[in-house]
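In what follows, a single structure is set out as structure tokens and then discussed.
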There are 2 protein chains.
Amino acid sequence: MISFDHKKILELPRRYRAQLINSLSGYKSANLIGTVDAKDQENLGLFSSVVHIGAHPPLLGFILRPTTVPRHTFENIKETGYYTINHICRSIIRQAHHSSAKYEKTISEFTMTGLGSVYKTDFPAPYVAESPIQIGLQFVEAIPIPANQTQLIVGSIEEIHLSEEILREDGAADLSKADIAALIGLDTYVTPNTPLKLDYQKPLVT
Amino acid sequence: MISFDHKKILELPRRYRAQLINSLSGYKSANLIGTVDAKDQENLGLFSSVVHIGAHPPLLGFILRPTTVPRHTFENIKETGYYTINHICRSIIRQAHHSSAKYEKTISEFTMTGLGSVYKTDFPAPYVAESPIQIGLQFVEAIPIPANQTQLIVGSIEEIHLSEEILREDGAADLSKADIAALIGLDTYVTPNTPLKLDYQKPLVT
């Protein structure tokens, strides 16, 4: 095995360290967050830090980097109170990845990636039309993380739209059936298949 | 597509809702957290919420459920200040999954799963011997999430041990080369392969 101690980690070249540390959390969810501001300017951002917070009430979180530069997604969330989380599937990986390019706020990443913006029911934020799992959220709270000035953005799941064929009988969405992608580090996508489902575990008799 | 609005989500049977909501965040990292208390009682816990917080300083977080029942991992982290995050690979999925069973604090999940406990250098928490990526962390802070009484536990990466063959030239750990697993929802494991690496994205000329 190769080992890095704390001193060696801090002395690594900046890009190398970013690649290494970003890959250490394990497979990451690959999501597009859709928002719109009060003037109907849409925004689409690539996020790989969406995390399950709780099922009851249904809550999702994501990590927002320091707001020392403009964060269009978060500005729109604060302005309207709503956003969508959309899963990236194999057929839209390249388009989705391009939404990570730094565009001005007046340019919509929907337009620049060619991904479709769609509104459902009366939910006030745009979904990604091509996404097999679309989640509508209401902003709940932004929690500061003092260690590095990032924030945990917590939202309440208000509605869910998902492809019929991926909903398992027990309620789980089988992500592998819709070619949904996961991320390794900053730039590497995988679309897993052949899932292995295991039973709820009880202690063995000791 | 199938749709669930907020009312329908809240009315779902409890287990069905847990399966559905737990699968919505996308692929989750599959990790074992190793700790030991001041009396040398070891503990191993299964976590699927490890999230990248930042690369400089190198920080990882995970979500801790409400401490209304004993959380042995967190008790040990507070007692010693240290813990390890170990990735689950294909060959240890069944053993790793069994660590989710609710054992008394006096019983070590290392013993009950048959996974090896190993100490490296002078780091004061046990690693999982069979894991291809082993990360040693120092506790930084526990951040309350008011929305559901969970906490975001933030730790600083103090040392990293990983299989030589998975370290890419650019610094990223290619998780797919070590058969590292990801989780869907509560119980379904996948071991992705054939990754697709994409370039850093710059805005197109408009």
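Too long at a 24 Å Cα-Cα cut-off: which of A:177/B:197; A:105/B:8; A:197/B:197; A:102/B:197? Where the Cα-Cα span goes over 24 Å, the pairs concerned are A:105/B:8; A:197/B:197.
Among the residues of segment B:86-100, those with an accessible-area drop of 40 Å² or more from chain alone to full protein complex, heavy atoms and 1.4 Å probe, are B:94, B:97, B:98. Of A:152, A:12, A:183, the residue with the greatest mean-square motion in the GNM of chain A, using alpha carbon springs below 10 Å, is A:12.
Rounded to the nearest Hz, the phi-derived 3J(HN,Hα) couplings of segment B:75-89 under the Karplus curve 6.51 cos²θ - 1.76 cosθ + 1.60 (θ = phi - 60°) are 4, 5, 4, 5, 6, 10, x, 9, 7, 10, 10, 10, 7, 8, 10, where x marks glycine and proline.
Rounded to 0.05, the FRET efficiency of the residue A:204 and residue A:170 pair, given R0 = 22 Å and the Cβ-Cβ distance, is 0.35. In this structure segment B:27-190 gives 35 Å² per residue of accessible area when probed at 1.4 Å with all protein chains present. Over the protein assembly as shown, dividing the summed -39,500 (n - 2.57) contributions of all DSSP H runs of at least 4 residues by the number of residues returns a 222 nm mean residue ellipticity of -4500 deg cm²/dmol. Mind giving me the FRET efficiency for residue B:142 and residue A:37? R0 is 41 Å, r the Cβ-Cβ distance, nearest 0.05 is fine. That pair, residue B:142 with residue A:37, gives E of 0.75. Rolling a 1.4 angstrom probe over segment A:64-206 with all protein chains present gives an accessible area of which 51% lies on carbon and sulfur atoms.
For the pair segment B:166-203 / segment B:64-143, the C-alpha centres are spaced 22 Å from each other. The B-A contact accounts for roughly 9000 square angstrom of buried accessible surface, both chains included, probe 1.4 angstrom. Each Cα pair under 8 Å and six or more residues apart adds its sequence gap; the mean of these over the residue count of segment B:27-190 is a relative contact order of 27 percent. Counting Lys and Arg as +1 and Asp and Glu as -1 over every other residue whose Cβ lies under 13 Å from the Cβ of residue A:199, the net charge comes to +1. In segment B:168-186, burial by the other protein chains removes 30 Å² or more of 1.4 Å probe accessible surface, compared with the chain on its own, from B:168, B:170, B:171, B:172, B:173, B:175, B:184.
The values are calculated or read from the model by the stated rules, or taken from the named source; none is laboratory data. Bear in mind the structure is a predicted one, so any value in this text is a computation, not a measurement. Ideal geometry is used to build each Cβ from the backbone, glycine not excepted, and the neighbour counts take in all protein chains shown. Ligands, DNA and RNA are stripped out before the accessible areas are found, and what is left, the full protein with its side chains, is counted by its heavy atoms. Shrake-Rupley method; radii C 1.70, N 1.55, O 1.52, S 1.80 Å.
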